[in-house]
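Presented below is the structure to which this report refers.
The values are calculated or read from the model by the stated rules, or taken from the named source; none is laboratory data. Since the structure is predicted, the reported quantities are computational estimates derived from the model, not experimental observations. Here the Cβ positions follow ideal geometry from the backbone for every residue, glycine too, while neighbour counts run over all protein chains shown.
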Amino acid sequence: MPRSLYFVVVGMAILVTGSSFLWPLSTIYVHDYLGKSLTTAGVVIMFNSAAGVVGNLLGGVIYDKFGSFKTIVSGVSVTLCASIMLIFFHDWPHFVLLLIIIGFGSGIIFPAMYALAGAVWPEGERKAFNAIYVAQNIGVALGTALCGFIASYSFNYTFMASGLLYLIFFLIGVIWYRQLDVKGKSSANHDTETIARKSKVNFYSLIILCVGYLLCWAGYVQWSTTISTYTQELNISLKQYSVLWTVNGILIILGQPLVSAFVKRFAKTLKSQIVVGNIIFICSFIVVANASEYSSFITAMVILTIGEMLVWPAVPTIAHQLAPEGREGFYQGIVNSTATGGRMVGPLLGGLLADIYGMNILFIVLIIFLVISIITTTTYDYRLNRQNQQEGIKMM
């Protein structure tokens, strides 16, 4: 990797660590300390995610207009101000309002970070986005591991720790990202009619791809919602459940060489990586649906992790390839907002299906979602390939 990408990777790890001090404990804080129902806590998380969706889309637009530095600094400034206020004002409803603002500010940052990674190492393609993916998981692992320990002393300490990490990221942005400032490329010197036609087809392709991406996330998030409750019904302790995510994090960090070797040999295209990843996701849910012992859940988590290592970095890479000049940030904003949307609607949908029809029906629906995702992945570039063929014929 080029030296400039290391700055982006380190910054992403710090940013995600800061946010991971908040989201794992938000439900517990709203329910146990603010005395609200679990439904209310779920609505709070949904509003936080919805604000993230808006922030993702806005952040992509800002990146294309004003560049990476202004986008990142503006987003982290909003987040930092809200996180500092959270240290002093964390009662009801201030906690909810500030959590929504933090979700919005963080949402602005992520598309710019992804677009910046693609810009500073364009020849890296999947490797650049895979590095960002690994950095995110390091941040999640650190944040979730430390937040519970710190919260056992005081929840206010977790708010302070989160604010400190956002401050560190702000300083990194001011010092490092000013030197890396990248703006969406201008397309003023090209045929505007051709660009408009290509942009329309590329955007259409991205939306089809993201439909499947949203369904993947809606299924994946069940592991932290309905499946976590399902493990309790099978007398699997919370400590054992938390080990599943430890396994997930360790595999993501240590399993990269194996995944790279697999991709080079068996899944050479990004499309094939996503399709294979979805098939692996399906296998994971089949194992969970028939699980009755803890070892089966460990097996399912290992399978799930292999699938996500193939799918999650591939989608933003395709978005980077599809993005017309000057629209790189906007396309990454759509991808990030799709993932956030899946995390927002997935828990509600999964909870309803599990409560009304039971876990077996839920698993069947999730498998159907993944089959649809395979279909959208194999067909997303149909119009794009057809257009390229027509243009090739015209040039001949």
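From 236, 303, 274, 280, which residue is touching a residue at least 60 places away in the same chain (Cβ under 8 Å) and not in a loop (DSSP other than H, G, I, E, B)?
The unique qualifying residue is 274.
Identify all residues within region 98-115 that are touching a Gly at 6+ places or on another chain (Cβ under 6 Å) and either free of Cβ contacts under 8 Å to residues at least 40 places away in the same chain or closer than 19 Å to residue 155 by Cβ (or both); write none if there are none.
Once the filter is applied, which keeps residues that are touching a Gly at 6+ places or on another chain (Cβ under 6 Å) and either free of Cβ contacts under 8 Å to residues at least 40 places away in the same chain or closer than 19 Å to residue 155 by Cβ (or both), region 98-115 yields only 103.
Starting from residues that are closer than 17 Å to residue 288 by Cβ and touching a residue at least 24 places away in the same chain (Cβ under 8 Å), keep the ones in region 365-387 and report whichever is surrounded by the fewest Cβ atoms within 10 Å (Cβ to Cβ).
Looking only at region 365-387, we keep the residues that are closer than 17 Å to residue 288 by Cβ, and these are 365-371.
Next, from what is left, pick out any that are touching a residue at least 24 places away in the same chain (Cβ under 8 Å): 366-367, 369-371.
Details: 366: 28, 367: 17, 369: 23, 370: 26, 371: 14.
Only one residue fits best here, namely 371.
Write out, first by first residue and then by second, each pair whose Cβ atoms fall under 7 Å of each other, whose residues are 6+ apart or on separate chains, and whose first residue, in region 52-72, is over 21 Å from residue 101 (Cβ atoms) and in the same structural domain as residue 118 (by TED's automatic domain parsing) while the second is among the aromatic types (Phe, Trp, Tyr) and buried (at least 24 other Cβ atoms within 10 Å of the Cβ).
From residues that are over 21 Å from residue 101 (Cβ atoms) and in the same structural domain as residue 118 (by TED's automatic domain parsing), the pairs are 64/330; 68/177; 69/177.
Within region 37-51, take every residue that is free of Cβ contacts under 8 Å to residues at least 60 places away in the same chain and of a type in the set (Gly, Ala, Ser) and give me the one that is surrounded by the fewest Cβ atoms within 10 Å (Cβ to Cβ).
Top of the filtered list is 37.
Specify which of the listed residues (356, 393, 361) is at pLDDT 90 or above and either in the same structural domain as residue 16 (by TED's automatic domain parsing) or out of contact with any strand residue (DSSP E or B) (no Cβ under 7 Å at 6 or more places or on another chain) (or both).
361
Just checking, which of 34, 25 is over 28 Å from residue 127 (Cα atoms), over 20 Å from the mean Cα position of the chain (by Cα) and touching a residue at least 40 places away in the same chain (Cβ under 8 Å)?
34
Restricting to region 153-162, and then to whatever is buried (at least 21 other Cβ atoms within 10 Å of the Cβ) and not hydrophobic (A, V, I, L, M, F, W, C), can you tell me which residue is farthest from residue 30 (Cα to Cα)?
So, considering only residues that are buried (at least 21 other Cβ atoms within 10 Å of the Cβ) and not hydrophobic (A, V, I, L, M, F, W, C), the one farthest from residue 30 (Cα to Cα) is 162.
As an exercise: evaluate residue 331 against (1) over 19 Å from residue 135 (Cα atoms); (2) of a type outside the set (Gly, Ala, Ser); (3) free of Cβ contacts under 8 Å to residues at least 60 places away in the same chain and give the number of the one condition it does not meet.
Answer for residue 331: the failing condition is (3).
State the number of residues belonging to region 239-271 that are part of a helix (DSSP H, G or I) and either among the small types (Gly, Ala, Ser) or at positive phi (or both). First the steps, then the outcome.
Initially, region 239-271 is screened for residues part of a helix (DSSP H, G or I), giving 239-254, 256-266, 270-271.
Subset that is either among the small types (Gly, Ala, Ser) or at positive phi (or both): 242, 249, 260-261.
Residues in region 239-271 being part of a helix (DSSP H, G or I) and either among the small types (Gly, Ala, Ser) or at positive phi (or both): 4 in total.
Tell me yes or no: at least one residue of region 197-206 is β-branched (Val, Ile, Thr) and at pLDDT 85 or above.
Yes.
Could you grab me the full set of residues in region 117-159 that are of a type in the set (S, T, N, Q) and either in a helix (DSSP H, G or I) or touching a helix residue (DSSP H, G or I) at 6+ places or on another chain (Cβ under 8 Å) (or both)?
Matches in region 117-159: 130, 136, 137, 144, 156, 158.
Each row is one residue, and each column tells you yes or no for (1) closer than 24 Å to residue 68 by Cβ; (2) surrounded by fewer than 15 Cβ atoms within 10 Å (Cβ to Cβ); (3) at pLDDT 80 or above.
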site	(1), (2), (3)
150	no, no, yes
167	yes, no, yes
170	yes, no, yes
191	no, yes, no
195	yes, no, no
221	no, no, yes
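When the residues of region 308-333 are filtered to those that are buried (at least 23 other Cβ atoms within 10 Å of the Cβ) and either touching a Cys at 6+ places or on another chain (Cβ under 7 Å) or of a type in the set (Gly, Ala, Ser) (or both), which remaining residue is nearest to residue 358 (Cα to Cα)?
By that ranking, first place goes to 311.
Within region 82-97, how many residues turn out to be touching a residue at least 12 places away in the same chain (Cβ under 8 Å) and surrounded by fewer than 23 Cβ atoms within 10 Å (Cβ to Cβ)? Before the answer, list the steps.
In the first step, residues of region 82-97 are kept if they are touching a residue at least 12 places away in the same chain (Cβ under 8 Å); the result is 82-87, 90-92, 95-96.
Narrowing further to those that are surrounded by fewer than 23 Cβ atoms within 10 Å (Cβ to Cβ): 82, 84-85, 87, 90-92, 95-96.
The number of residues fulfilling the criteria is 9.
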